[in-house]
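Let me begin by presenting the structure, written as structure tokens, before commenting on it.
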Amino acid sequence: MTVDLTQIIKAYDVRGTVPEPFSPDVAEAVGAAFARVVVIPAFAEGDCDLPATTQGSGGEPTRPAVVIGNDMRDSGPELVAAFTRGLTDAGVDVIHIGLCSTDGLYYASGSRDLPGAMFTASHNPAGYNGIKMCHPGARPVGESSGLANIRSLAQTYLADGLPTPVASPGSVRQEDLLIEYAKFLRGLVNVADIRPLKVVIDAGNGMGGHTVPVVLGTEGRLPALPLEIVPLYFELDGTFPNHEANPLDPANIVDLQKAVVEHGADLGIAFDGDADRCFFVDETGRAVTGSAVTTLVGLRELAKEQAAGRPATIIYNLICSKSVPETLNAAGARTVRTRVGHSFIKAQMAAENAVFGGEHSAHYYFRDFWFADTGMLTALHVLAALGEQEHPMSALSMMYEPYYASGEINSTVTDVAATTAKVVAAYRKAYPRVELDELDGVTLSNWDAGDGPRWWFSLRASNTEPLLRLNVEAADEDVMEKVRDDVLALVREG
């Protein structure tokens, strides 16, 4: 039976359980489709009958090429081999960079100006794998930028068979870019001159265990930094034996919080499975919000632009704290609010030439990193911000967390649209001056109403499940709790 690719190729990437429905046959079909939808058109308007060498005498590419990396999941090598076959049979040369973080793959795509594919299921459990694909320059391949066409063409290949291989198939070669990637990141943020810091890092048995020792200099290939690193779960293990590699779930940072306090550390850092996201814990063991990190790093990037005499635009998504635009605007930034999701943020980043962008979910994007998200560069910024002054992390983060937030709360509902409409109707009746926008789901705000308590909440539907996602923020804790509980009662009533 042919796999229905709409079940594993959605708005952003490929993601599914292995070997079914995400099998090597699916990977090969997706590779063949990726070659024809993205790689070959990016090179030469679909003409792949070119010489058999990837580079000319001046280093310029003379035929289509793509970079591929993978995380530590056991299913990665077999899926990469099948995907590679789909590419080379189409006449595309392949550069394997091996084990890497997702932002390591973005570095390869950006620095080589080549399309890329990263085999990872990020924070999903061990039975999953996936593919994050990008255009040259690490520009995302999403639903409206090629992924829908890849899905359609790969579905045809699975049903009718793969195209006949070209007469001159692509070549395959290996490159190790880890040191190059580490040097590039260090060149963007100076951590060499900060005060000494003790830092606990939880890699979650994911790719942070591969990249952190090199970037932070603990394994000797780059100069040491004034950091004492206490490692947690650096051993690469795609079965995730200690906890899920999803630090957004509070249960998965408990070990980090405990270790920070026990070791008297200045900071705790947790990476997700593919290390494109990072999360922070202050010296007391308290989690630092993604909004606080967005503000902290945004101010650093703003200051850099101001020093160079340039205006700065910073992107934030609609469920970041109100304090993000308030603080950044007061400091002189232009801020742009966007919907949730990395493909939307990256597109907005490029359209606005934004220097930085942040999401509540700990995706952080940098113009100087091809508008892509990178957990390691964010970690370097936070280390520098902490180490360049004497205050503890708790004092820094609390400066940027003046309000009270519920965090994201999911509810299973039978009719998302009807439930959302019911909540909107109830609040518009109770608060006639409430503001409503529909940028992404619905956001109702009483923040600028001029009377009554200041609060806002967002209700967004899941792309894959019958869920409503609620986020609430208020200027007062008791108000936040009341709005949270009242909305949940409406959402969950029979």
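The values are calculated or read from the model by the stated rules, or taken from the named source; none is laboratory data. Quantities reported herein were computed from a predicted structural model and do not represent experimental measurements. Glycine gets a Cβ as well: all are built from the backbone with ideal geometry, and neighbour counts include every protein chain shown. Calculation scope for accessible area: heavy atoms of the full protein, side chains included, ligands and nucleic acids excluded. Shrake-Rupley method; radii C 1.70, N 1.55, O 1.52, S 1.80 Å.
Here are the numbers for the structure shown:
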| item | result |
| --- | --- |
| Chymotrypsin sites (Phe, Trp or Tyr not before Pro) within region 167-243: DSSP coil, no more than 11 neighbouring Cβ in 10 Å | none |
| Surrounding net charge for Ser406, when Lys and Arg each add one and Asp and Glu each subtract one, Cβ distance under 9 Å | -2 |
| Heavy atoms of Lys10 accessible to a 1.4 Å probe, total area in Å² rounded to 10 | 70 |
| Amide hydrogen neighbours beyond the local backbone of Asn317, cut-off 5 Å, H modeled | Thr338, Gly358, His360 |
| List Arg73, Arg36, ordered by accessible area with a 1.4 Å probe, largest first | Arg36, Arg73 |
| Given (1) 21.1; (2) 68.3; (3) 24.5, the label whose value is mean projected area of the Cα convex hull in nm² derived from this model | (3) |
| Peptide ranges 187-196, 20-29 listed from the most packed, as the mean C-beta count within 10 angstrom indicates | 20-29, 187-196 |
| By average C-beta atoms within 10 angstrom, highest first, the peptides 149-155, 378-384, 446-452 | 378-384, 149-155, 446-452 |
| Computed over region 222-369: relative contact order in percent, which uses C-alpha pairs under 8 Å that are six or more apart | 18 |
| Amide H contacts under 5 Å for Glu283, placed H, 5+ residues apart | Met393, Ser394 |
| Low-density loop cleavage sites - GluC sites (Glu not before Pro) in region 381-478, where at most 14 other Cβ are within 10 Å (DSSP) | Glu388, Glu390, Glu438 |
| Over region 320-477, equivalent-ellipsoid semi-axes from the Cα gyration tensor in Å | 30, 20, 15 |
| Inverse mean reciprocal Cα-Cα distance (Kirkwood Rh) of region 85-215, Å | 17.2 |
| Total formal charge among the other residues, if their Cβ is under 13 angstrom from that of Ser75, Lys/Arg +1 and Asp/Glu -1 | -2 |
| Burial order of peptide ranges 253-266, 355-368 (average beta-carbon count within 10 Å, highest first) | 355-368, 253-266 |
| Percent antiparallel among DSSP beta bridges (both partners in region 61-194, rounded to 5) | 30 |
| Lys482 - accessible surface, heavy atoms, 1.4 Å probe, Å² rounded to 10 | 120 |
| Portion, in percent, of the accessible area of region 98-242 that falls on carbon or sulfur, probe 1.4 Å | 52 |
| Percent RCO, i.e. relative contact order, over the chain, from Cα pairs under 8 Å lying at least 6 residues apart | 12 |
